1. Does at least one position in the stretch A:234-248 carry a residue that is at the interface with another protein chain (Cβ under 7 Å from one of its Cβ atoms), hydroxyl-bearing (S, T, Y) and either open to solvent by 40 Å² or more (accessible area, probe 1.4 Å) or not in a helix (DSSP H, G or I) (or both)?
2. Whether any residue in the stretch B:127-139 is closer than 20 Å to B:G221 by Cα, out of contact with any Pro (no Cβ under 7 Å at 6 or more places or on another chain) and away from every other protein chain (no Cβ under 14 Å) is what I want to check.
3. Output the residues belonging to the stretch D:202-233 that are farther than 30 Å from B:A188 by Cβ and at the interface with chain C (Cβ under 9 Å from one of its Cβ atoms).
4. Tell me yes or no: at least one residue of the stretch A:83-102 is under 13 Å from A:A222 (Cα atoms) and touching an Asp or Glu at 6+ places or on another chain (Cβ under 6 Å).
5. Hey, could you check the stretch A:192-210 for residues that are touching a Gly at 6+ places or on another chain (Cβ under 7 Å) and open to solvent by 10 Å² or more (accessible area, probe 1.4 Å) and say which is nearest to A:G7 (Cα to Cα)?
6. Give the stretch D:22-32 a look and list any residue that's out of contact with any Ser or Thr (no Cβ under 7 Å at 6 or more places or on another chain) and surrounded by 16 or more Cβ atoms within 10 Å (Cβ to Cβ), or say none.
7. Out of (1) in contact (Cβ under 8 Å) with a residue 24 or more places away in the chain; (2) surrounded by fewer than 21 Cβ atoms within 10 Å (Cβ to Cβ); (3) among the hydroxyl-bearing types (S, T, Y), what's the single condition that is false for D:T130?
8. Among the residues in the stretch B:5-14, are any under 19 Å from the mean Cα position of the chain (by Cα), assigned to a loop (DSSP other than H, G, I, E, B) and modelled with pLDDT of 95 or more?
There are 4 protein chains.
Amino acid sequence: MKIGLIGFGKAGKAVANVILQHKDFSLEWVLRSSRIMEKSSAGEFLGISSPDPGLIYSQQTIDIEKLLDDHPVDFIIDFSATTSIHMYGRAAAEREIKIISAISHYGESEKKLLTDLSVQTATFWSPNITLGVNYLLFAASLLKNIAPGVDIEVVEEHFKAKSGISGTAVKIAETLDLETESINSVRAGGIVGKHEVIFGFPYQTVRLVHESISREAFGSGALFVAQNLKDKKRGLYNFEDILRPYFFSEA
Amino acid sequence: MKIGLIGFGKAGKAVANVILQHKDFSLEWVLRSSRIMEKSSAGEFLGISSPDPGLIYSQQTIDIEKLLDDHPVDFIIDFSATTSIHMYGRAAAEREIKIISAISHYGESEKKLLTDLSVQTATFWSPNITLGVNYLLFAASLLKNIAPGVDIEVVEEHFKAKSGISGTAVKIAETLDLETESINSVRAGGIVGKHEVIFGFPYQTVRLVHESISREAFGSGALFVAQNLKDKKRGLYNFEDILRPYFFSEA
Amino acid sequence: MKIGLIGFGKAGKAVANVILQHKDFSLEWVLRSSRIMEKSSAGEFLGISSPDPGLIYSQQTIDIEKLLDDHPVDFIIDFSATTSIHMYGRAAAEREIKIISAISHYGESEKKLLTDLSVQTATFWSPNITLGVNYLLFAASLLKNIAPGVDIEVVEEHFKAKSGISGTAVKIAETLDLETESINSVRAGGIVGKHEVIFGFPYQTVRLVHESISREAFGSGALFVAQNLKDKKRGLYNFEDILRPYFFSEA
Amino acid sequence: MKIGLIGFGKAGKAVANVILQHKDFSLEWVLRSSRIMEKSSAGEFLGISSPDPGLIYSQQTIDIEKLLDDHPVDFIIDFSATTSIHMYGRAAAEREIKIISAISHYGESEKKLLTDLSVQTATFWSPNITLGVNYLLFAASLLKNIAPGVDIEVVEEHFKAKSGISGTAVKIAETLDLETESINSVRAGGIVGKHEVIFGFPYQTVRLVHESISREAFGSGALFVAQNLKDKKRGLYNFEDILRPYFFSEA
């Protein structure tokens, strides 16, 4: 399966890293906003030997329609910025290229656009695209469903410089209907990222813990989505839609 | 709902403790093998003020048919020994009393009997009846289903004197199809019981942890089963059968 | 070594439990405020077979001077209330009975009295007398000494009903000179008590964790102090004074 | 303080990374076995802007005596290979350059050489040079000293491909006089490195945990040693010698 990657910041590079090393997927090209490294190979830049072309293009100098026609792909994976979807969305949907967006925040106009695009192609959006965090959300809400009265608290740990409550912790709290006071934020040293959901029962405790090791987890997550979206029809999908069939097949 | 409890060892006492304090359930009687405390009240013995009768009877001096007729119950909860089911099973099933057995090991003859009884009444058996451990099994097998190639190891911790791998860890390994070498057993001091399932992905780690606080967790689990078995028809049930509907309703 | 125990509430009972089972110590008597169980044996009451006398006396009916003369002891261990030291302190010090107090809070008058008593006998006071917590305080302050700029946060977990920050967490914060915002309090279910001190370095994390299993830890701590106070001369001691020689002998 | 770094593999690069960013230390040069990147700047290669010269030299083309005379340093930090000490040891010691070696394994001839060198200059060797692991060893042996009979087990977790028990876990076991069976090795996914020492008491549990985030921890450790070795006289030192004064000053 052929992939076009949009965005080549820290997350984008980590995602390229994972795609380049995966034998089922080929990184056809990378589209970034700046012109740095333009026309060079993402694999070479990242020090990975891979048969994938992975040429880097800049939005400043290439036309998206031309890029999609000259170098067709099955999926666009978007780790760039909120507005990019306006640039490539319609061109991709017309060509029935499936869209996988991992953008953190979308406004109303982007959400509206996603809905429009989903009429023409399978369109996926998840602000956090790691498998582990999404599993955690799913598993935690199931336990809350089983035991509605259980006490729940969240402890999230990150590096000292991270300000505010982590977006993932906020999402956990929303999903489980917790007050913000139930989130405990630890900021210390270089901790990459840890989320722990504590379920306190009277005579036992259950803990669901997710620890991030590196940003490459975004790449694994995006490819997991691609694998599961491959045979999906047009429509708008989120991560829960991707996970749910596994639960049914289990049951 | 009225409950008759069979078995009054350490686990049985802890279960009685929980039933006596739960307003939706009444502990009608306790049936034990010895004659110690015979005819006295379980609540008084445990130092719990409760309106439940909770009279203690001995298998040595009372006839099970008479007990069930004089003091009818909706559920029998069995925390006694492997053979007890032969003593009370048919009498209970004929009266459509639902059976909840938490016996650790049953041989072929007991399993056969359970199947027979389940034609007449809702019959439940689970060697580990805590909600937390059963949720852990369920949630772990779901994650393995999603990510079949993930590395899985188990760390279980118990008090120094506990010999052999814990039954729960063995069950986890069976459920997840792990080699015994993937179970790490820590024996130290007075640790009540901790099970951790570690899912190692290349760029992230997920941990599912269960910590036991006290044996009363058996009681909570048994009552959780009773609540969910209340409206169930005849048939043979295990803990996964009880949990599955929560997953579907979620989905 | 002979011990007289003052206080027979939840903590006192757990301490009696440990002393009765320790072969190097004999529980001579228990002195409590109420008259419940007066003159009966602590061992019998707790269901422990022990050769120790362990008779229960009430402050309402016995004179402390007479008790100390009729049933002499080497140590008084105090798990009762703030004011008790006024009742037994001078009588104990005159007889050179060593004093081990685990009272949570002492006012100025009690602290003054302790100083006075310490002129006549070895006098020990620690608001938290478990070995684990005191080791944690010691070990944590050493690491802070080594790495003064390290980021430190505390996570403490207790049962839902516990109100306010735990006294131990406050003590940790004072010892390490942390702001109260660095303490994260989790309240969920029946967690007995867990304290974790997180040291965040840029490229590594160190965690010191203490988990309480039961109140009997107070008993072990008190006997540890007794063993170490046995050969100590007059003077006022706290837990750090007891631990320090171990660090020197190591070095 | 001026530093010469020997070795520029994965660990060496991470150490250079840390030195280049530390204002109290200047990376004068790097000496490596290969000729790759020869004469280029370590800072430039690592993408770090730093005023330090940090020129890369190759053992194949430069004479160590000339290097030390043309580009004098206060410390040599060695992250290369077992035999390197024979190459630079005498030349460094004659110039009273302090030596900090983080080589994993030394044979008898290297240990003998270190002893010889230590007559002329402060010579330090530690197979694991991270502050956290060495603190863990120290703190763990102190707790064992306080409570000789406590149950101790070690759980170490690393990435799937790591074979054998971790060297750090072996060192912990040696230090605490544990059987190899007390070490539990978990191998899963991409876990960077975690060591947990569990002290099981009858009524409480103490855990000392070290988690590695990245190899840069070696650099922090080496500079911590340098800072503490700065005013040390000739002699042979290990990490415990460096830590011990902190414990005394505390006490």
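The values are calculated or read from the model by the stated rules, or taken from the named source; none is laboratory data. Given the structure is predicted, the values throughout are model-derived calculations rather than measurements. With ideal geometry, Cβ positions are generated from the backbone for all residues, glycine too; neighbour counts draw on all protein chains shown. Quick note on the areas: whole protein, heavy atoms, side chains included, nothing else; ligands and nucleic acids left out. Shrake-Rupley method; radii C 1.70, N 1.55, O 1.52, S 1.80 Å.
1. Yes, the conditions are met somewhere in the stretch A:234-248.
2. Within the stretch B:127-139, one or more residues are closer than 20 Å to B:G221 by Cα, out of contact with any Pro (no Cβ under 7 Å at 6 or more places or on another chain) and away from every other protein chain (no Cβ under 14 Å).
3. Initially, the stretch D:202-233 is screened for residues farther than 30 Å from B:A188 by Cβ, giving D:214-216, D:218-220, D:222-233.
Correct list: D:S214, D:R215, D:E216, D:F218, D:G219, D:S220, D:F224.
4. Yes - at least one qualifying residue is present in the stretch A:83-102.
5. A:F201
6. D:H22, D:F25, D:S26, D:L27, D:E28, D:W29, D:V30, D:L31
7. For D:T130, the failing item is (2).
8. Yes; the residues of the stretch B:5-14 include at least one that is under 19 Å from the mean Cα position of the chain (by Cα), assigned to a loop (DSSP other than H, G, I, E, B) and modelled with pLDDT of 95 or more.
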